[in-house]
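Report on the structure given below.
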Amino acid sequence: MADLSFPPKRPSGFMSSLGLHRFHWLTLAACATMLIIVLMALAAPLIAPHSPILMNPGQRLQPMSAEHLLGTDALGRDLFSRIVYGARVSLMVGAGAALGALIFGLPIGLISGYFRMLDPFIMRVMDGMMAIPGILFAVALIALVEPSVPTVIIAITIPEIPLVVRLVRARLLSAREEPFVEAAVTMGGTPFSILVRHLLPATVAPLTIQLTYVFAAAILIESALSFLGIGIGAETPTWGNIMASGRLYFAINPWMILWPALVLTLCLLSINIIGDALRDLLDPQHKKRGA
Amino acid sequence: MSADIVSAAASTVLSVRDLSVTTASGAAVPILQGVSFDIRAGQTLCIVGESGSGKSVTSLATMGLLPKAELSVTGGAIFLDDENVLDASPARLRRLRASRMSMIFQEPMTALNPLMTVGRQVEEVLCYHTDLQAGERRARVIAALSEVHLPNPEDMALRYPHQLSGGQRQRVMIAMALALNPRLLIADEPTTALDVSTQRQILSLIKELQRKHETAVLFITHDMGVVTDIADNVVVMRKGRVVEHGPVANVIQAPTERYTRKLLGSIPSLVPPMPREIVSERLALEVAGLEKTFFPGGNPVRAVQDVSFKLGTGRILGIVGESGSGKSTVARCVMLLERPTAGSLVVAGSDVAGLSREALRMHRRRIQMVFQDPNRSLNPRRKIAQTMIEGPLNYGAPKAESLRKAAELLELVGLPAEALSRYPHQFSGGQRQRIAIARALMLDPEVIVADEAVSALDVSVQAQVIRLLKDIRERLGVALLFITHDLRVAAQICDDIIVMQRGVVVESNTCRAVLTQPAHTYTRDLIEAAPGRDLDQVSRRWESYVHDID
């Protein structure tokens, strides 16, 4: 019909959003910081000048020098090398917790939000889980089984699951009222096809943001657990362990706490800034204004 | 009109001169270009135009409410009693609002604070702008509420917005807007969300108060019928420019611009065309004794009571009624989106009311739906192709064949096949509704249920979509159940009509009989309340302009 103006095809939203000029410098700095930390973790053996676990009693509590960039700890281990290796554990715990919360939280949330019959039952279980303080739960679990990276990940993930479930469920409760979901029902869609085609995509944005926060929280909790001495074994370099061992010598050598704390802070700050940037990017209203 | 005699001597309250507005960020896209008009005390000026014409931007600029981050005034002046509003400081603007000019909005539910009693909200205006004592304020609130004819104003003042009806809420908004006797009242589509009979009461209330207080009214609407009922002067706007401007009688009776003629010609007539002959005796849909009872908070609400009708293949049956009449519930029950409490539902010869889940899924392909708001009935994240072929894929049709069919159907509704690779937001509202109609046809249904399918569209687009639906019925012989609150639309498309009121069918006959010889008083009231009844002849004169290219 000639009376219809037809809009020219625009470049797709995703590609244009990759144009870096659209991001705030803070977001770019956060991304760069995270990239450096990830590379540091991956290439730890190449970067670290010394072994992170090799003790050298003759070199205890050394100040910063060319030999030991950030000095050494009370057992003569190279602090810089330990921080570099510590990134591995921190990132593993963060990624593991985020992935775990996704794998368990997303399906439970979808089921709870879509099948109204199961909803009250699932939600009461989740409420129960939320009533347990996260750190206490982790302490109890680690007291029961051997402290290791997987144990710590599990201990941190379980309290995060209800948060993800609630988020997915809330998003689904509003999305399922959308006319396009009813349209899918009238077109003969099965519950599974409607969940996958119409409801799952609606959870992607809030979920991505939530998972960045889980990631950051997990790193923080792992550090706290290690600092308390109930996390991963003291010989494994983690940021929390380094700070814990530096605690006793704070008056003599405060750098032993300050360096890992600085890296931890930078890491958490970057993740949270990236989370905020994702929220702005994935916010449909924001996108509409940009289009 | 008597207002004309008054206005000869009356002073100019609002004078908009060469107002230009552009977008503030990026390339300055013009939104308003050289808009000028005057309103005198006691007069009503209607700005009429379709969505995107800039009519709301004009009113926001007058109130000093333009979102500064997005829109900026690039030229012109807005004089309110010789004071240029555009030069006023924010503090001065705050004083001007409510005391010298005030505004009422389309949706009174969102414009009122749900957590405050309405009396308190009216009082707040007095708190900010007067030095009255509490006792005097309360007396003024009661006086304001009784002036807008709310029953028991003392009792009303203590109620919360959700305890009032839509019409009562709009009355509260008017009481609030006029509490300080402003010189100018801006009404931005104040009756669009209301039923026709409520709309008529609100319009006459605005007129009455205007006459009493000599208020100048800037009335924004998309509805030519409302214009003829209320305006002294009319400004027709299109794409940010004034197309035509003059006294209502001139603009309506002798429009000089093609666009005005097109707008007038697009108004559906209340007089239905001659009835079509019944081509097939076959029944596509038969509903008998349909009941639906909801239990909000445990108390039964009988939304639909004993509704029965028959819809033949190739026929269009309209269900008309005001909000709360149960017409949408009937549609949802017919679609089995709600399970009816009782009654039988026969689609193409088989009873479907008690089907099992899997049998119901197999049945759904025979009856499809077109929803009111095409922005929300198409998944914004999925391409048109994915949306179109979803139904056939659900029933196991091969993908390539479904895509071919989707392209054909898009062509049928007047869109090129390239549309398949785009997303819904790349289309206008009318185009999206065409896509929704094409999607409903993908499964070759026997019946299409259209629930207010043209209500969200501009009048010229509405005319095109109505034509499309009739055309599809003609070509494919599908039966159409057409739910609408708009008698004019119903008159143009339906063969038969049932009129519903509070869940009950009050009248059921051929379209022509219902509209020309209504048997029930409620139907008569509805027809009586339809705005701009004298527009029909004018409208028919410009019918050919409907096909104008934008």
Is it true that some residue in segment A:60-72 is over 19 Å from A:Leu266 (Cβ atoms), hydrophobic (A, V, I, L, M, F, W, C) and touching a helix residue (DSSP H, G or I) at 6+ places or on another chain (Cβ under 7 Å)? yes
Between B:Ala407, B:Ala397, which is more than 27 Å from the chain's Cα centre (by Cα), part of a helix (DSSP H, G or I) and not basic (Lys, Arg)? B:Ala407
Can you name every one of the strands (runs of 3 or more DSSP E) wholly within segment B:291-387 that holds 3 or more residues which are touching a Gly at 6+ places or on another chain (Cβ under 8 Å) and away from chain A (no Cβ under 14 Å)? B:301-312, B:342-347
Just give me the residues in segment B:326-352 being under 11 Å from B:Glu286 (Cβ atoms) and surrounded by fewer than 20 Cβ atoms within 10 Å (Cβ to Cβ), in sequence order. B:Gly343, B:Ser344, B:Val346, B:Ala348, B:Gly349, B:Ser350, B:Asp351, B:Val352
Out of (1) at the interface with chain A (Cβ under 9 Å from one of its Cβ atoms); (2) surrounded by fewer than 18 Cβ atoms within 10 Å (Cβ to Cβ); (3) of a type in the set (Asp, Glu), the odd one out for B:Glu401 is which? (1)
Can you tell me which of (1) outside any helix (DSSP H, G or I); (2) over 24 Å from the mean Cα position of the chain (by Cα) is the one A:Ile132 doesn't meet? (2)
Helices (runs of 4 or more DSSP H) contained in segment A:173-230 and holding at least 1 residues away from every other protein chain (no Cβ under 14 Å) and among the charged types (D, E, K, R): A:200-228
Which members of segment B:64-96 meet the condition of being in contact with a strand residue (DSSP E or B) (Cβ under 9 Å, 6 or more places away or on another chain), assigned to a helix (DSSP H, G or I) and surrounded by fewer than 20 Cβ atoms within 10 Å (Cβ to Cβ)? B:Leu86, B:Asp87, B:Arg92
Can you pull out every residue in segment B:189-231 that is free of Cβ contacts under 8 Å to residues at least 60 places away in the same chain and part of a loop (DSSP other than H, G, I, E, B)? B:Thr191, B:Leu194
For segment A:247-266, state whether one or more residues are in contact with a Cys (Cβ under 9 Å, 6 or more places away or on another chain) and either outside any helix (DSSP H, G or I) or modelled with pLDDT of 85 or more (or both). no
Those residues of segment B:447-493 which are in a loop (DSSP other than H, G, I, E, B) and of a type in the set (Asp, Glu), in sequence order: B:Glu452, B:Asp458, B:Asp486
List pairs: first residue in segment A:105-127 and farther than 15 Å from A:Leu172 by Cα, second residue part of a helix (DSSP H, G or I) anywhere in the structure, Cβ distance under 7 angstrom, at least six positions apart or on different chains. A:Met126/A:Pro162; A:Met126/A:Val165; A:Met126/A:Arg166
Identify all residues within segment B:32-63 that are at pLDDT below 90 and not in a helix (DSSP H, G or I); write none if there are none. B:Gly49, B:Glu50, B:Ser51, B:Gly52, B:Ser53, B:Gly54
Name the single residue that is farthest from the other protein chains (Cβ to nearest Cβ) among those in segment B:419-446 being assigned to a helix (DSSP H, G or I) and at pLDDT below 90. B:Gly429
Which listed residue, of B:Val73, B:Val85, B:Val141, is farther than 30 Å from B:Gly167 by Cβ, without any contact (Cβ under 8 Å) to a residue 40 or more places away in the chain and in contact with a helix residue (DSSP H, G or I) (Cβ under 9 Å, 6 or more places away or on another chain): B:Val85
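The values are calculated or read from the model by the stated rules, or taken from the named source; none is laboratory data. Note that the structure is a prediction, hence the values are computed from the model and not measured. Note that we place each Cβ from the backbone using ideal geometry, even for glycine, and neighbour counts take in every protein chain shown.
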